[in-house]
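The block underneath contains the structure these notes are about, expressed in structure tokens.
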Amino acid sequence: MTEIRIPFNRSSLAGREQEYISQAMAIGQIAGDQMFTRKCHELLENRIGIPKALVTTSCTHALEMSALLLNIEPGDEVIVPSFTFVSTVNAFVLRGAKPVFVDIRPDTLNLDETKLESSITSKTRAIVPVHYAGVACEMDTLMSIAAKHGVAVVEDNAHGLFGKYKGKMLGTFGCLATQSFHETKNITCGEGGALLINDSTFIERAEIIREKGTNRSRFFRGQVDKYSWVDVGSSYLMSDILAAFLYGQLECADQIQAKRRRVWEYYHANLAEWAGRQGVRTPFVPAECEQTFHMYYLLLPSLESRQALIRHLKQQGILSVFHYLPLHLSDMGRKYGGKAGDCPVTENLSDRLLRLPFYNELAENDQATVVEALRAFNCLDGRSGG
């Protein structure tokens with residue numbers, strides 16, 4: 001078995017994470033909503049420019065909170081791209097909603113806004129755009145359509161923290177947005193997420209839902225003399241140990257982004273000529289989008305060439321991976337009426353997409369090894385010798 005010398009992902013320290021964890025332990029308060037949780041909330045609110053941020057145990061849980069806040073019920077419909085992680089859909093299916101899958105654009109791999117309006121019905125309660133690879137969806141058109149039909153927008157911004165669309169921060173367009181701090185994300189605490197609240201009317205109830213359906217947050221602010229069960233909810237609080245790690249990362253956001261930009265731009269510059277000859281497509285970033293350099297992917301000519309390249313790279317000790325499978329063709333997706341041909345762009349591109357190793361501390365000499373291995377591969381016949 002070939003040893004993997006260059007992994008797909010590797011977590012690393014960025015600043016004072018370990019020091020902050022020690023501080024949290026010294027204080028002796030490591031449950032949720034302690035000192036570092038509050039610091040994370042404040043930093044996110046100030047940096048993004050939103051009324052309220054609440055860190056959660058995962059982006060999945062932040063999406064579940066969104067479904068609860070919107071009072072999603074059985075029979076409601078929620079529009080999602082088929083090309084996304086299952087959490088985007090599960091959060092709403094758990095409330096009884098029917099997912100309505102919309103195809104993606106062939107250039108950015110984001111929800112195709114030209115197919116959005118025809119998917120809206122009288123039962124549509126929410127639209128959940130996903131900013132794939134940290135590149136913004138076409139938000140002007142999307143928000144205009146949503147407003148026209150009175151439909152809420154929840155941004156799944158798992159890839160897009162601090163990205164922008166026409167100068168405006170991602171996560172500030174919908175009434176709600178969600179973030180991920182999973183270990184594969186630019187800024188991480190291993191497992192974690194955040195709910196971003198742009199409509200202030202949701203804040204008080206969001207705190208209640210996040211605190212097991214109790215008004216405990218109001219109690220600790222001295223607004224009530226005792227707290228009790230007042231609404232549905234669950235335990236969505238991030239431990240302050242994780243928040244301490246996360247705060248150390250958030251403080252270093254600019255340095256992290258600079259490192260990832262270098263990695264992305266190295267791939268882009270050094271693979272352009274090979275990709276052009278091989279019929280391989282590299283990422284497209286519209287001029288109005290400030291991306292987050294979350295990943296670098298290639299679109300191979302075929303499924304066969306994609307699989308052959310994964311094997312070729314693995315033989316060189318390099319781990320590359322494919323990404324989402326079309327949700328409408330999954331076992332669950334088919335239960336909701338999904339069938340082959342519903343989202344042809346998703347079906348085609350999902351088969352051909354390959355993600356290259358990408359992490360904050362990826363050294364340039366390791367990237368050079370990846371590039372050399374790619375240049376040695378001929379995508380047209382699926383063999384080495386590019």
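Applying the selection to region 212-259, what residues are touching an Asp or Glu at 6+ places or on another chain (Cβ under 7 Å) and over 18 Å from Leu13 (Cβ atoms)? Gly213, Ser217, Gly233, Leu237, listed by residue number. Residues that are under 30 Å from Phe173 (Cα atoms) and either out of contact with any helix residue (DSSP H, G or I) (no Cβ under 9 Å at 6 or more places or on another chain) or free of Cβ contacts under 8 Å to residues at least 40 places away in the same chain (or both) within region 12-53 comprise Arg38, His41, Glu42, Glu45, Asn46, Ile48, Gly49, listed in sequence order. Condition test on Leu237, is it under 24 Å from Glu290 (Cβ atoms) and not assigned by TED's automatic domain parsing to the domain that holds Gln291? When the stated conditions are applied, Leu237 does not pass them.
Which of the following residues is touching a strand residue (DSSP E or B) at 6+ places or on another chain (Cβ under 7 Å), among the aliphatic types (A, V, I, L, M) and more than 23 Å from Phe83 (Cβ to Cβ): Ile209, Ile197? Before you say what the answer is, go through the steps one by one.
On the way: Ile209 fails: touching a strand residue (DSSP E or B) at 6+ places or on another chain (Cβ under 7 Å).
Answer to the selection: Ile197.
To keep it simple, each residue is scored yes or no on (1) in the same structural domain as Phe293 (by TED's automatic domain parsing); (2) farther than 24 Å from Lys52 by Cα; (3) aromatic (Phe, Trp, Tyr); (4) part of a loop (DSSP other than H, G, I, E, B).
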residue	(1), (2), (3), (4)
Ala126	no, no, no, no
Ala133	no, yes, no, no
Ala136	no, no, no, yes
Leu142	no, no, no, no
Lys148	no, yes, no, no
Glu155	no, no, no, no
His159	no, no, no, yes
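Among the residues of region 217-243, those that are more than 21 Å from the chain's Cα centre (by Cα), assigned to a helix (DSSP H, G or I) and not charged (D, E, K, R) comprise Ser217, Phe219, Phe220, Ile241.
Scanning region 111-130 for any residue that is closer than 15 Å to Cys175 by Cβ, touching a residue at least 12 places away in the same chain (Cβ under 8 Å) and touching a Phe, Trp or Tyr at 6+ places or on another chain (Cβ under 8 Å) turns up at least one such residue. A single entry from Ser58, Ser11 fulfils the requirement of being of a type in the set (Gly, Ala, Ser) and closer than 30 Å to Gly317 by Cβ: Ser11. Inspection of region 66-80 finds no residue satisfying the criterion of being within 15 Å of Phe245 (Cα to Cα), outside the structural domain of Val345 (by TED's automatic domain parsing) and touching a Phe, Trp or Tyr at 6+ places or on another chain (Cβ under 9 Å). Picking from residues in region 98-152 that are closer than 30 Å to Ile187 by Cβ and small (Gly, Ala, Ser), the one that is surrounded by the most Cβ atoms within 10 Å (Cβ to Cβ) is Ala136.
Checking region 203-216 against the condition returns no match, with no residue being of a type in the set (S, T, N, Q) and outside the structural domain of Lys166 (by TED's automatic domain parsing).
Each row is one residue, and each column tells you yes or no for (1) closer than 23 Å to Ile187 by Cα; (2) touching a Cys at 6+ places or on another chain (Cβ under 8 Å); (3) of a type in the set (Lys, Arg).
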position: Ala275; (1), (2), (3): no, no, no
position: Val280; (1), (2), (3): no, yes, no
position: Phe284; (1), (2), (3): yes, no, no
position: Met295; (1), (2), (3): yes, no, no
position: Ser302; (1), (2), (3): no, no, no
position: Arg306; (1), (2), (3): no, no, yes
position: His312; (1), (2), (3): no, no, no
position: Leu319; (1), (2), (3): yes, no, no
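Being out of contact with any Gly (no Cβ under 7 Å at 6 or more places or on another chain), under 30 Å from Asn90 (Cα atoms) and at pLDDT 95 or above holds for only one residue in Arg306, Arg311, and it is Arg306. Considering region 10-67, the residues that are closer than 18 Å to Leu237 by Cβ and of a type in the set (D, E, K, R) include one that is surrounded by the most Cβ atoms within 10 Å (Cβ to Cβ), namely Glu64. Condition test on Val224, is it surrounded by fewer than 20 Cβ atoms within 10 Å (Cβ to Cβ), over 28 Å from Gly163 (Cβ atoms) and either out of contact with any strand residue (DSSP E or B) (no Cβ under 7 Å at 6 or more places or on another chain) or modelled with pLDDT of 95 or more (or both)? Considered against the rule, which asks whether it is surrounded by fewer than 20 Cβ atoms within 10 Å (Cβ to Cβ), over 28 Å from Gly163 (Cβ atoms) and either out of contact with any strand residue (DSSP E or B) (no Cβ under 7 Å at 6 or more places or on another chain) or modelled with pLDDT of 95 or more (or both), Val224 comes out as yes. Selection of region 125-156 for residues being touching a helix residue (DSSP H, G or I) at 6+ places or on another chain (Cβ under 7 Å) and among the β-branched types (Val, Ile, Thr) yields Ile127, Val128, Val130, Thr141, Ile145, Val153, Val154.
Within region 170-209, the set of residues being part of a strand (DSSP E or B) and touching a Leu at 6+ places or on another chain (Cβ under 9 Å) comprises Leu176, Ala177, Thr178, Gln179, Ser180, Gly190, Gly193, Ala194, Leu195, Leu196, Ile197.
Within this structure, Tyr165 passes the test of being outside the structural domain of Val370 (by TED's automatic domain parsing) and either closer than 14 Å to Thr292 by Cβ or surrounded by 19 or more Cβ atoms within 10 Å (Cβ to Cβ) (or both).
The values are calculated or read from the model by the stated rules, or taken from the named source; none is laboratory data. Everything quoted here is computed from the prediction, not taken from an experiment. Positions of Cβ are generated from backbone atoms using ideal geometry, with glycine treated the same way; all protein chains shown enter the neighbour counts.
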